[in-house]
Amino acid sequence: MACFSEELLRRMVLSRVGPGNGSGFQPRPGLTIAGIGSAFWGLVFTRVAQSVSFRPASGATVLTSVLHPLPERGGPVTVTVHMDKFAAYLRMLKDRSGRGYERLGRQAGASGSSLHRYCSGKSFPADYRVIHSFAKVCGASAEELRELHQLWALADAGRADEAPAATSETSETSPVVPPAARREPWSPRRRGLTAVAVAVVVLLAGGLVWVTAARSGPGGGRYADRMLFSPACRPPVSMGQHDECVTEVQNLLVAAQGRLAVDGSFGPETLRRVTAFQVLAGLPARGVVDEATKNALYDHRTSLAGWSAVLVEQRIRAVFTEAPDTAVAIARCASFLDPLWVLPNTNGSRNWGVFQISDDRLLDLGGTPRQAFDPVWNIDAAHRLWSAHHDFHDWPSCSAALQDPRSH
């Protein structure tokens, strides 16, 4: 146990942090959490390896018996209130259409069995475009399409929140390890070394948190007195939130010439505008209003001004001379002719701009989300995709929806 003496730890931390002035540690310019962590873990494993001999069947390190890996998750999807509402809305649209799942599936570009699972709540769609097409062939209005998208986004967010709970439940029922795979009992010396190592991890982590907090101080910088940097708005403002922090974000987006309602509710419309703002501001498109996004909003240097739907339609007709009406209808179905339209999918991908060009297609075209927000680039890129086969197979959901007269 002498290998983790108080004097040794003091020297290790001081060598990276530096002595204080009586009120605690003062970090040196080169201090990083990764640096301290690297030094500490290197020391831990070196000392433990010198003191303990391991058997191959008992694991690679002493700490593996203390820090158990999480079991794999599995089983049915956890149903939430929002998922129930989403499924009920789909059933309402289906029942109102008076058509069966197979017929609706053919028209929406999806299988009838998939639509049945979505409507019954037994499965959740990863790609919203399928649901958008389904709603269109069911005759949903523009207002119903917006409401359906909001329900889908809230259900997806709720499903993500349930994941940690599902993991916890699984871990409680983890399978019993067969006798042949069990570790032999540890000697008192090995148990003592493990206990000391864990205790040191806890103490050092607490010290790092304290040092980091003392170093960073209150957030906000030059905007520390603004609403989004107040204690109430300190965490990132995100999807599903409804408070004055969201109202402040929406007001700032409107000031940046963004088109959205100011209602204090962080729904799909606000998510789209926040994501577009982040792309145009050169920030990671996380879809949550973190500290960097808050600063950029208060800087008032990024504009969300863009082309009107009339100008977008004129450009589409000028480029798609071979099929102007169909091209306009596809774009209207995909983005409502909004150059800054963003559609997130549950698999982590997004679709961008007038023709909702996907992340994969952007890579194929050598483009970026910022370029996809440029109507000229987006429409020209869509025409390049169309020219490959002289059809709109890259937009299967909208193409299928347009075949049904009730979808117009």
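For the reader, a short list of remarks on this structure follows.
- Evaluated against (1) buried (at least 18 other Cβ atoms within 10 Å of the Cβ); (2) in contact with a strand residue (DSSP E or B) (Cβ under 9 Å, 6 or more places away or on another chain), Ala281 falls short on exactly one condition, (2).
- Out of Ala135, Ala142, Ala163, one residue alone is under 21 Å from Phe266 (Cα atoms) and modelled with pLDDT of 50 or more. It is Ala142.
- Pairs, first within 10 Å of Val130 (Cβ to Cβ) in segment 100-111, second open to solvent by 60 Å² or more (accessible area, probe 1.4 Å), C-beta under 7 Å, six or more apart: Gly109/Pro396
- Count of segment 331-383 residues which are farther than 21 Å from Leu311 by Cβ and more than 22 Å from the chain's Cα centre (by Cα): 3
- Filtering segment 261-292 to residues that are farther than 19 Å from Trp341 by Cβ, in a helix (DSSP H, G or I) and not charged (D, E, K, R) leaves only Ala292.
- Only listed residue being touching a residue at least 40 places away in the same chain (Cβ under 8 Å), under 16 Å from Asp380 (Cβ atoms) and not in a loop (DSSP other than H, G, I, E, B), chosen from Leu343, Leu362, Leu311: Leu311
- Check on Thr321, over 17 Å from Arg259 (Cβ atoms) and β-branched (Val, Ile, Thr): yes
- When segment 349-406 is filtered for residues that are of a type in the set (Ser, Thr, Tyr) and either open to solvent by less than 10 Å² (accessible area, probe 1.4 Å) or within 20 Å of Thr321 (Cβ to Cβ) (or both), the ones remaining, listed by number, are Ser387, Ser399.
- Residue that is modelled with the highest pLDDT [pool: residues in segment 70-114 that are hydrophobic (A, V, I, L, M, F, W, C), part of a helix (DSSP H, G or I) and open to solvent by 40 Å² or more (accessible area, probe 1.4 Å)]: Met92
- Counted residues, segment 115-140 - those being over 24 Å from Ile357 (Cα atoms) and open to solvent by 10 Å² or more (accessible area, probe 1.4 Å): 8
- Residue count for segment 262-273 satisfying the condition of being free of Cβ contacts under 8 Å to residues at least 24 places away in the same chain and open to solvent by 50 Å² or more (accessible area, probe 1.4 Å): 2.
- Selection status of Ala305, open to solvent by 30 Å² or more (accessible area, probe 1.4 Å) and small (Gly, Ala, Ser): yes
- Of all the listed residues (Cys333, Cys398), the sole one being farther than 24 Å from Phe277 by Cα, assigned to a helix (DSSP H, G or I) and among the hydrophobic types (A, V, I, L, M, F, W, C) is Cys398.
- Going through (1) of a type outside the set (Val, Ile, Thr); (2) free of Cβ contacts under 8 Å to residues at least 40 places away in the same chain; (3) out of contact with any helix residue (DSSP H, G or I) (no Cβ under 9 Å at 6 or more places or on another chain) one by one, Arg317 falls short only on (3).
The values are calculated or read from the model by the stated rules, or taken from the named source; none is laboratory data. Quick caveat, the model's predicted, so the values are computed rather than measured. No Cβ is skipped: glycine too gets one built from the backbone with ideal geometry, and neighbour counts run over all protein chains shown. Surface areas here come from the heavy atoms of the whole protein model, side chains and all, with no ligands, DNA or RNA. Shrake-Rupley method; radii C 1.70, N 1.55, O 1.52, S 1.80 Å.
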